[in-house]
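Have a look at the structure below before the remarks.
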Amino acid sequence: MNESKEKDVLLEETDSLLCGKLSERLTHLPYQIIHGDLNKSNLIWKGEAIKIIDSEELRFSKRVREFIPILLFKGNLQNPTYTPNSIKKLLFSYDLFSKNKLSKKEKEILPDLLRASLIKLYAIYTIRKNKRNDPFRNNIIRNLKNIEGDLNVH
């Protein structure tokens, strides 16, 4: 097996491990149309109104997935940053203004989705791009610890 195929197998295995258990938990959660890359760089304020731009990632998906780019990437996929307590604040704000509040199951799965996204990003970065970068690895670890500290969000 050549190196490229080996990397693909490793990434597929990583994805399977990360998403396998989560996909079972996601099964009964609600779908909706999500932006897929909602972050501050894709919002334009006009007075009190917000215009959402850059909708090429628009898709029908589990609505809880909309929070991943907001909580981790803030418009920068190269340098994920999770701010402590942001899960709790975002979920509170969402429920405050949403007609359809998030379920307990949606709130409980969000930290796991965030962690899976970070681990998958690290696997892609180190396996596919073949980069061994200590600051990047340390950043991923720091974010995982910050999320772990925020687990009591419901």
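Taking each residue of segment 40-61 that is at positive phi and looking for partners that are outside any loop (DSSP other than H, G, I, E, B) with beta-carbon atoms closer than 9 Å, six or more apart or interchain, yields ASP54/SER41; ASP54/ASN42.
Selection within segment 3-23: residues that are loosely packed, with under 14 Cβ neighbours inside 10 Å and closer than 13 Å to LEU113 by Cβ. The member of this set that is modelled with the highest pLDDT is SER23. Whenever a residue of segment 64-90 is surrounded by fewer than 17 Cβ atoms within 10 Å (Cβ to Cβ), it has no partner that is at pLDDT 90 or above and of a type in the set (Val, Ile, Thr) lying with C-beta atoms less than 7 angstrom away and at least six residues away or across chains. Set side by side, the residues ASN130, ASN152 differ, and just one is of a type outside the set (Gly, Ala, Ser), on the phi > 0 side of the Ramachandran plot, modelled with pLDDT under 85 and surrounded by fewer than 16 Cβ atoms within 10 Å (Cβ to Cβ), which is ASN130.
Scan segment 96-127 for residues that are part of a helix (DSSP H, G or I), of a type in the set (Gly, Ala, Ser) and at pLDDT 90 or above and report the count. Steps first, answer last, please.
Our first condition is that a residue be part of a helix (DSSP H, G or I); within segment 96-127, this holds for 96-97, 104-127.
Pick out the ones that are also of a type in the set (Gly, Ala, Ser) and you get 116-117, 123.
Checking which are at pLDDT 90 or above leaves us with none.
Result for segment 96-127: 0.
Scan LEU58, LEU26, LEU72 and give me the residue that is modelled with pLDDT of 80 or more, in contact with a strand residue (DSSP E or B) (Cβ under 7 Å, 6 or more places away or on another chain) and within 16 Å of PRO111 (Cα to Cα). It would help to see each step written out before you state the result.
Details: LEU58 fails: within 16 Å of PRO111 (Cα to Cα); LEU72 fails: in contact with a strand residue (DSSP E or B) (Cβ under 7 Å, 6 or more places away or on another chain).
Just a single option satisfies the conditions, and that option is LEU26.
Among the numbered conditions (1) closer than 22 Å to ALA123 by Cβ; (2) surrounded by 14 or more Cβ atoms within 10 Å (Cβ to Cβ); (3) among the acidic types (Asp, Glu), the only one that GLU57 does not meet is (2).
The values are calculated or read from the model by the stated rules, or taken from the named source; none is laboratory data. Everything numeric in this text was worked out from a predicted model, so none of it was measured. Here the Cβ is made from the backbone with ideal geometry for all residues, glycine too, and neighbour counts use every protein chain on show.
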